[in-house]
1. In whole percent, and with a 1.4 Å probe on the protein chains, what portion of the accessible area of the chain is carbon and sulfur?
2. Between Ala241 and Gln85, what length comes free when the chain is fully extended (0.36 nm per residue of separation minus the Cα-Cα distance, one decimal in nm)?
3. With everything on Cα atoms, drop me the angle between helix 2-17 and the longest principal axis of the chain, reported from 0 to 90° to the nearest 10.
4. For the modelled label position 7 Å from the Cα of Val140 along Cα-to-Cβ, which residues of the range 210-225 have backbone nitrogen atoms closer than 20 Å?
5. Under a point spin-label approximation (7 Å from Cα along Cα-to-Cβ), what is the Val40-Ala148 distance to one decimal in nm?
6. Given labels modelled 7 Å from the Cα in the Cβ direction, how far is it in nm from Tyr180 to Val94?
7. How long is the gain from Val192 to Ala252 if the chain were fully straight, where each residue apart is worth 0.36 nm and the alpha carbon distance is subtracted?
8. Can you tell me which of 34-40, 1-7, 184-190, 201-207 comes out highest on packing, and rank the rest after it, using the mean Cβ neighbours within 10 Å?
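The values are calculated or read from the model by the stated rules, or taken from the named source; none is laboratory data. Treat the numbers as computed from the prediction; the structure is a model and nothing was measured. Because the Cβ atoms are built from the backbone with ideal geometry, glycine has one as well, and the counts that use them run over all protein chains shown. For the accessible areas, the whole protein counts, side chains as well, though only heavy atoms, and no ligand, DNA or RNA atoms are used. Shrake-Rupley method; radii C 1.70, N 1.55, O 1.52, S 1.80 Å.
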Amino acid sequence: MIRTYALLAWTWTRAAAQYRLSFTLVTLGAFVVGGLDIAVIWVIFANTDTLAGFALSEVMLLYGASQLAFALADLLFGNVDRISQHIRAGTLDVMLIRPASPFAQVAADRFSPHRIGRAAQAAVVLGVALARLEIPLGRVWMVPVMVASGAVIFTALFTLGGALQFLLTDAPEVANAFTYGGAMLNQYPLSVYDARIVRGLTFVLPLAFVNWQPGLYVLGRPDPLGLPSWTGLLSPAVALALAAVAALAWRAGIRRYRSTGS
């Protein structure tokens, strides 16, 4: 599956690179658009010293980790939640008869390398935050783990959204509420939201394990819900569990699919 995905993604990347000026401008555009989010955060801190008790550098850390995880998931697997387009057009039938993984084919279809601009912007913000914060070496190792786990969580949500579309072909908007909407929620410390929302994002839809819980561990801060400090270390386990659920849902969707009949 990995080889199939890599070959397809490379093919689309080469196709995009044929128009170098367009490719460069679109990539830079993604970088700039991503920068608008951090500009909003700077505007907020122009009028206050802290946000829900978090300083600017700490919010930048949470923002950078979350957005980098989301950007990587969107770059590599974001196309999965657009599978309804293939179902309606009948192109999924073609993918199913090929000797290659349907998931890899759907994920790599029309691969958009310009999305790397958004990932680069988030990486810059995360790097600046780490440079400004004095994080002990005993906890800084959690930062790359946090990003990787977050990327897996968002990928699992993309996959679950895709699996839902085998039942509801008009479900992309529903899935986007949890993927793109979740990325928007995680731009800020979750303590700015009502405690009931934070509990839901911790125990129901585990978006808190993208950057909030591991971020609290990295920053050495107590959890507002009173959870133990080691809760953030569970991010990889939560990511793997959600990925397993997403894989089962995807397989169930593929087995349920009965073609367009055309």
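1. Answer for the chain: carbon and sulfur cover 67 percent of the accessible area.
2. Details: separation 156, 0.36 × 156 = 56.16 nm, distance 2.81 nm.
53.4 nm is the gain from fully extending Ala241 to Gln85.
3. The angle comes out near 90 degrees.
4. Output list for this probe position: 214-221.
5. 3.1 nm
6. It works out to 2.6 nm between the two label points.
7. Taking 0.36 nm per residue and subtracting the Cα distance, the gain is 17.8 nm.
8. In descending order of packing, they fall as 184-190, 201-207, 34-40, 1-7.
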